[in-house]
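*Asks:* Quick one: the structure is below, and I'll ask about it shortly.
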Amino acid sequence: MGLLDKQIDSGGVVITTAENVLNWARLSSMWPMGFGLACCAIEMMATMASNYDLDRFGIIPRPSPRQSDVMIVAGTVTFKMAERVKRLYQQMPEPRYVLSMGSCSNSGGPYWQHGYHVVKSVSRIIPVDVYVPGCPPRPEALIGGLMLLQEKIRKEKFGVKHEAV
Amino acid sequence: MPHLKTEEMIMNMGPQHPSTHGVLRLELVTDGEVVKSITPHIGYLHRCFEKHGEELTYPMIIPFTDRLDYLASMNNNHAFNLAVEKLLNLEVPRKVEFIRVIVAELQRIASHLVAIGTFGADIGAVTPFLWTFRDREVILNLFENLTGARMLYNYMWPGGVARDFPKGFREEIGAFITYFRPKIRDLNNLLTGNHIFISRTAHVGVLPADVAVNYNCTGPVLRGSGVKWDLRKNDPYSIYPEFEFDIPVGQGTMGTLGDTWDRYYIRCQEMEQSLNIIEQALAKFPVEDATDVQAAVPRRIKPPAGEVYARAENPRGELGFYIISDGGTKPFRVRAKSPCFVNLAVLPALGKGIMVSDIVAILGSIDIVLGEVDR
């Protein structure tokens, strides 16, 4: 039992703002959509698997955009896939967040110069909240990006349009 | 009731589907739960490897070969370097060959671990996924110690490798072998003989040997059908002839020869064979040899005009590189012959009259990587 339970073991009232409690609930259960595009998806899977264990943060992959809060764009977004990425984003319920993982989705990465088929940054099609650099980023980097996103959600004000960091 | 008219339905599976192993879209024509035909649509991860082959110099192409089959970067490097060395007529130091074989076989184990783990997760067994990723992490730590990267290494260069083994590295690999052998047994106890797993995989997606050969399947998909074909034995490259190892082929142990379970089990057996190869390579390793591993790397790679095809056994099959040189520092053309693309082509032949849920099992057993299918 935690400290809070000892304090209010015979019932009680906690006073807080609606913003605080809703933000706390949102940041503690960010469910990402379980879809990968390329190499980064393997590192994303490794982060979700036993060694790095994203379940600790309440982050559990969901197979459907309708059930997810966060979209981790993990990999190269090609023109052919861009349309689908945008549609998947639109299918997600609000509030929704986007984490761009890896150089390819940040800026085109290694495919910047000759990648005639690659979208040079996923931010050209959907708004991005957090960028994680690396090719591919280490699992620690992805966890760092997700924690940054948690901090962003913690500070969110209602009624204010959210902007990318 | 054959007189009742049924209506066919066209269904899309992917490109966002957790069991398509990337961005593959399958167009299914279904009659109720039964699949009438499958049409794979690819190209969602086209990353213009051939364009890079035309625009970049030989050493600069190596990082892009990493990103073809991103689960087996070392093997891709190896195949590409075989082609460049053949074009240059370059002699590779013996020590470098040993280093290459050891890392390539470690990479094969890492790749098969992902294949087995995700295959289990597709079928509904999540524990093997967690177990195999735990063990894969040990190999990745070894590679990180050696190359500085976890997944995409750019480690092998024409005529050499980027770095020599660090101090105590061979002992670490030896420790990994002793750690990993019991883990394969655990995995077999957990998944291979599991009744639920067998009933999902045995007799499902049977690929007869003649169909596999006609479609030019390679790797575990071909060997699962009982054809003994492995380039490490049939067209030996590097120093593979010096090692003794078996080529596991499908036996039809749990069901029909060439079914999904056979293709799965080939990978389990290949991991053991890879351990055997690494063990022999460590025993024969030229410890006294103080050759610089970069000594044979040419300062400027400018091969004579000509064309060359070199192939190597990837975890997924035969990976070949066809290079045309016009005598410049950049190749005129580079073409990658991808095993995944060929193995995926057999899916429509397997997917007639099966249930929708069996597609996931078959696709998982073929084990495609979309980075290599689309290139």
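The values are calculated or read from the model by the stated rules, or taken from the named source; none is laboratory data. As the structure is a computational prediction, the values presented were derived from the model and not from experiment. Virtual Cβ from ideal backbone geometry, glycine too; neighbours counted across all protein chains shown. Please note that ligands, DNA and RNA were not included when accessible areas were found on the heavy atoms of the full protein model with its side chains. Shrake-Rupley method; radii C 1.70, N 1.55, O 1.52, S 1.80 Å.
*Asks:* Determine ³J(HN,Hα), in whole Hz, for all residues of the range B:226-233 in sequence, where each value follows from phi through the Karplus function 6.51 cos²θ - 1.76 cosθ + 1.60 and θ = phi - 60°; x replaces Gly and Pro.
*Replies:* Each residue of the range B:226-233 in turn: x, 8, 8, 9, 9, 5, 5, 9 Hz.
*Asks:* Just the number, please: carbon plus sulfur as a percent of the accessible area of chain B, 1.4 Å probe, no ligands or DNA/RNA counted. Can you show the working numbers first?
*Replies:* Working: 7350 of 13920 Å².
With neighbouring chains kept in place, the figure for chain B is 53 percent.
*Asks:* Could you tally the net charge around A:Cys39, taking each other residue with its Cβ under 12 Å from the Cβ of A:Cys39, Lys/Arg +1 and Asp/Glu -1? Walk me through the numbers on the way to the answer.
*Replies:* Values: positive: B:Arg47, B:Arg67, B:Arg150; negative: A:Glu43, B:Asp66, B:Asp69, B:Glu372.
Within the 12 Å Cβ shell, the charges total -1.
*Asks:* In chain A, what % of DSSP beta bridges are antiparallel (nearest 5)?
*Replies:* 10 percent
*Asks:* For the range B:271-284, take each phi angle, set θ = phi - 60°, evaluate the Karplus expression 6.51 cos²θ - 1.76 cosθ + 1.60, and give the result in whole Hz per residue in order, putting x for glycine and proline.
*Replies:* Karplus-based 3J(HN,Hα) across the range B:271-284 equals 4, 5, 5, 4, 4, 4, 5, 4, 4, 5, 5, 5, 5, 8 Hz.
*Asks:* Identify, among B:Asn77, B:Leu222, B:Leu106, the residue whose Cα sits farthest towards the positive end of the charge dipole of chain B, taking +1 on the Cβ of Lys and Arg and -1 on the Cβ of Asp and Glu, with the dipole about the Cα centre.
*Replies:* Of the candidates, B:Asn77 comes out farthest on the positive side.
*Asks:* Turning to a different aspect of this structure: Relative to the longest principal axis of chain B, what angle (0 to 90°, nearest 10) does the C-alpha long axis of helix B:356-366 take?
*Replies:* The angle comes out at about 20 degrees.
*Asks:* Where nothing but the Cβ of Lys and Arg (+1) and of Asp and Glu (-1) is charged, how large is the charge dipole of chain B around its Cα centre, in debye to the nearest 20?
*Replies:* Details: 39 positive and 44 negative charges, 102 e Å.
Charge dipole, chain B, about its Cα centre: 480 debye, nearest 20.
*Asks:* Between the range B:323-358 and the range B:95-124, what's the alpha-carbon centroid distance in Å?
*Replies:* 20 Å
*Asks:* Provide the percentage of antiparallel DSSP beta bridges, counting only those with both residues in the protein assembly as shown; round to the nearest 5.
*Replies:* Values: 31 of 41 bridges.
Among the beta bridges of the protein assembly as shown, antiparallel pairing accounts for roughly 75 percent.
*Asks:* B:Ile10 accessible area, nearest 10 Å², 1.4 Å probe?
*Replies:* For B:Ile10, solvent-accessible area is about 120 Å².
*Asks:* For chain A, what is the calculated [θ] at 222 nm in deg cm²/dmol (nearest 500), taking -39500 (n - 2.57) for each run of four or more DSSP H residues and dividing by its residue count? Walk me through the intermediate numbers first.
*Replies:* Numbers: 6 runs with 60 residues, N = 165.
Theoretical 222 nm ellipticity from helices: -10500 deg cm²/dmol.
*Asks:* Classify the range B:206-279: rounded, prolate or oblate, from the alpha-carbon gyration tensor (a ≥ b ≥ c, eigenvalue square roots; a/c under 1.5 rounded; otherwise prolate if a/b is larger than b/c)?
*Replies:* Details: a/c = 3.06, a/b = 1.53, b/c = 2.00.
Oblate shape, in that a/c is at least 1.5 and b/c is the bigger or equal ratio.
*Asks:* Oh, and also: Using a 1.4 angstrom probe, figure out how much accessible area the range B:186-305 has per residue, in square angstrom, rounded to the nearest whole.
*Replies:* On the way: 5490 Å² over 120 residues.
About 46 Å² of surface per residue is accessible.
*Asks:* As a test of reading the structure, rank B:Lys337, A:Lys86 by solvent-accessible area (1.4 Å probe, protein chains only), most first. Intermediate results must be reported in sequence, preceding the final value.
*Replies:* On the way: B:Lys337 35, A:Lys86 90 Å².
Correct descending sequence by accessible area is A:Lys86, B:Lys337.
*Asks:* Right, another one. Based on the alpha-carbon gyration tensor of the range A:92-165 and its eigenvalue square roots a ≥ b ≥ c, which shape applies: rounded if a/c is under 1.5, prolate if not and a/b is larger than b/c, or oblate? Walk me through the intermediate numbers first.
*Replies:* Values: a/c = 3.12, a/b = 1.58, b/c = 1.97.
Taking the square roots of the gyration eigenvalues as a ≥ b ≥ c, the range A:92-165 is oblate.
*Asks:* Summarise the accessible area of chain A (1.4 Å probe, protein heavy atoms) by the percent that is carbon and sulfur. Intermediate results must be reported in sequence, preceding the final value.
*Replies:* Details: 4710 of 8290 Å².
In chain A, the share of accessible area belonging to carbon and sulfur is 57 percent.
*Asks:* Just to confirm the filter: which trypsin sites (Lys or Arg not before Pro) across the range B:122-212 are DSSP coil and have at most 11 other Cβ within 10 angstrom of their Cβ? Please report the intermediate quantities before stating the final value.
*Replies:* Details: sites: B:Arg134, B:Arg136, B:Arg150, B:Arg163, B:Lys167, B:Arg170, B:Lys183, B:Arg185, B:Arg200; in loops: B:Arg150, B:Arg163, B:Lys167.
When the trypsin sites (Lys or Arg not before Pro) of the range B:122-212 are filtered for loop state and at most 11 Cβ neighbours within 10 Å, B:Lys167 remain.
*Asks:* Here's another thing I want to ask about it. Checking the a/c ratio against 1.5 first, then a/b against b/c, what shape does the Cα gyration tensor give for the range B:233-350? Don't jump to the answer; show the numbers that get you there.
*Replies:* Numbers: a/c = 3.62, a/b = 1.32, b/c = 2.74.
Oblate.
*Asks:* Taking amide H positions as placed in the peptide plane 1.01 Å from N, state which residues far from B:Arg25 in sequence (5 or more) or on other chains have amide H under 5 Å from it.
*Replies:* The list, which skips near neighbours in sequence, is B:His41.
*Asks:* Can you list the aspartates and glutamates whose alpha carbon sits under 20 Å from that of B:Lys330, skipping same-chain ones fewer than 8 residues off?
*Replies:* B:Glu50, B:Glu54, B:Glu55, B:Asp66, B:Glu85, B:Glu307
*Asks:* For chain B, with a Gaussian network of springs between Cα atoms less than 10 Å apart, report the residue from B:Ala175, B:Ala281, B:Ala310 with the top mean-square fluctuation.
*Replies:* Most flexible of the set in this elastic network: B:Ala175.
*Asks:* Can you give me the distance in nm between label points at B:Met60 and B:Asn141, each placed 7 Å from the Cα along the Cα-to-Cβ direction?
*Replies:* In this crude spin-label approximation the distance works out to 3.8 nm.
*Asks:* With the cut-off at 28 Å, tell me which of the pairs A:Lys86/A:Lys157; A:Lys80/B:Lys5; B:Lys51/B:Lys86; B:Lys51/B:Lys95; B:Lys51/B:Lys302 have Cα atoms farther apart than that.
*Replies:* On the way: A:Lys86/A:Lys157 26 Å; A:Lys80/B:Lys5 37 Å; B:Lys51/B:Lys86 22 Å; B:Lys51/B:Lys95 34 Å; B:Lys51/B:Lys302 19 Å.
The pairs that break the limit, which is 28 Å between Cα atoms, are A:Lys80/B:Lys5; B:Lys51/B:Lys95.
*Asks:* So how much slack lies between A:Glu151 and A:Ala25, counting 0.36 nm per residue of separation and subtracting their Cα-Cα distance, in nm? Before the final figure, lay out the partial values.
*Replies:* Working: separation 126, 0.36 × 126 = 45.36 nm, distance 1.26 nm.
In short, 44.1 nm is gained.
*Asks:* Using the charge dipole of the range B:298-370 (Lys, Arg: +1 at Cβ; Asp, Glu: -1 at Cβ; taken about the Cα centre), state which of B:Gly306, B:Gly327, B:Ala349 has its Cα farthest towards the positive end.
*Replies:* Highest projection toward the positive end goes to B:Gly327.
*Asks:* Taking chain B, how much of its Cα-Cα pair set, in percent, is spaced more than 38 angstrom apart?
*Replies:* On the way: 12924 of 70125 pairs.
The calculated P(r) of chain B puts 18 percent of pairs beyond 38 Å.
*Asks:* If you put +1 on each Lys and Arg Cβ and -1 on each Asp and Glu Cβ, how big is the dipole of the protein assembly as shown around its Cα centre, in Debye rounded to 20?
*Replies:* Working: 57 positive and 58 negative charges, 236 e Å.
Dipole of the protein assembly as shown, to the nearest 20 debye: 1140 debye.
*Asks:* Please list, in chain and number order, the residues 5+ apart from B:Arg47 or on another chain whose amide H is under 5 Å from its amide H, with Hs placed from the backbone.
*Replies:* Here B:Arg375 satisfy the definition.
*Asks:* Something else now. For labels at B:Thr291 and B:Val34 in the simple 7 Å Cα→Cβ model, what's the distance in nm?
*Replies:* Taking the simple label geometry, B:Thr291 and B:Val34 are separated by 6.1 nm.
*Asks:* Under 5 Å between amide hydrogens, which residues at least 5 positions from B:Lys337 or on another chain qualify, with H placed 1.01 Å from N in the peptide plane?
*Replies:* Excluding prolines and chain starts, which carry no amide H, the hits are B:Gly320, B:Phe321, B:Tyr322.
*Asks:* Run through the range A:1-109 and list the GluC sites (Glu not before Pro) located in a DSSP loop whose Cβ has at most 10 other Cβ atoms within 10 Å. Walk me through the numbers before you get to the answer.
*Replies:* Working: sites: A:Glu19, A:Glu43, A:Glu83; in loops: none.
Loop-located and lightly packed - none at all.
*Asks:* Roughly what would the spin-label model give for B:Phe332 and B:Asp210, points 7 Å off Cα along C-beta, in nm?
*Replies:* 4.1 nm
*Asks:* Once every DSSP H run of n ≥ 4 in chain B is given -39500 (n - 2.57) and the sum is divided by its residues, what mean residue ellipticity at 222 nm do you get, rounded to the nearest 500 deg cm²/dmol?
*Replies:* Values: 15 runs with 175 residues, N = 375.
Calculated from helices alone, the mean residue ellipticity at 222 nm is -14500 deg cm²/dmol.
*Asks:* Still on this model: Can you give me the convex hull volume of the Cα atoms of the range B:1-135, divided per residue and expressed in Å³?
*Replies:* Working: hull volume 22.3 nm³, N = 135.
Spread over its residues, the Cα hull of the range B:1-135 gives 165 Å³ apiece.
*Asks:* So which trypsin sites (Lys or Arg not before Pro) in the range B:209-266 end up in coil per DSSP with only 16 or fewer other C-beta atoms within 10 Å? Show your work: numbers first, answer last.
*Replies:* Values: sites: B:Arg223, B:Lys228, B:Arg232, B:Lys233, B:Arg263; in loops: B:Lys228.
Taking the range B:209-266 and a limit of 16 other Cβ atoms within 10 Å, the loop trypsin sites (Lys or Arg not before Pro) found are B:Lys228.
*Asks:* Under the rule that an exposed site lies in a DSSP loop and has at most 16 other Cβ atoms within 10 Å, name the longest stretch of chain A with no chymotrypsin sites (Phe, Trp or Tyr not before Pro) of that kind, not counting the sites themselves. Show your work: numbers first, answer last.
*Replies:* Values: sites that count: A:Trp112, A:Tyr116, A:Phe158.
Result, exposed sites excluded: A:1-111.
*Asks:* Please state, rounded to one decimal and in Å, the Kirkwood hydrodynamic radius that the range A:47-103 gives when every pair of distinct Cα atoms enters the mean of 1/r. Spell out each step's value before the answer.
*Replies:* On the way: mean 1/r = 0.0797 Å⁻¹.
Kirkwood radius, the range A:47-103: 12.5 Å.
*Asks:* For chain B, with the dipole built from +1 on Lys and Arg beta-carbon atoms and -1 on Asp and Glu ones, taken about the Cα centre, which of B:Gly193, B:Ile359, B:Gly371 lies farthest toward the positive end?
*Replies:* With unit charges placed on the Cβ atoms, the residue in question is B:Gly371.
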